[in-house]
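A quick write-up on the structure given underneath.
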Amino acid sequence: MNEPITESSGNVFADLGFSAEESALLQLRADLMASLRQAIEARSWTQAQAASILGISQPRVSDLMRGKWGKFSLDMLVTLAVRAGLHPRVALEAA
């Protein structure tokens, strides 16, 4: 039997049943982590180089690269983005 296909809302966390507030926070964290991973890869930094530039340990860079979003607060991800030379910003839209 074919499973019914449900179209995404655009936020996987909302689709998984998280509250609107929690899903917005989780999506922001996921987006920041993805941007940081892309920046590290685009600059061809080793994990050791990234750790030195970002001011964190190499195991923390490994966690970042593996997408372990539960280990990073939104505050920490914003800090790391700035240290990586990115300019994070929040855009608000009416619900």
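A short reminder: the numbers here are calculations on the coordinates, not readings from a lab. Keep in mind it's a predicted model, so treat the numbers as computed, not measured. Please note: Cβ atoms are built from the backbone with ideal geometry, for glycine as well, and neighbour counts cover all protein chains shown.
Tell me the angle of helix 20-42 to the major Cα principal axis of the chain, expressed in degrees between 0 and 90 and rounded to the nearest ten.
Long axis of 20-42 versus the principal axis of the chain: about 40 degrees.
Taking θ as phi - 60°, what are the ³J(HN,Hα) couplings along region 87-95 by the Karplus curve (6.51, -1.76, 1.60), each to the nearest whole Hz, with x for Gly and Pro?
Whole-Hz 3J(HN,Hα) from phi for region 87-95: 10, x, 8, 10, 10, 10, 10, 5, 6.
Any number yet on Rg/Rh for the chain, C-alpha, Kirkwood?
Using only Cα positions, Rg/Rh for the chain is 1.06.
Explain nothing, just the number: dipole magnitude of region 9-81 about its Cα centre with +1 on each Lys and Arg Cβ and -1 on each Asp and Glu Cβ, in debye rounded to the nearest 20.
Rounded to the nearest 20 debye, it is 360 debye.
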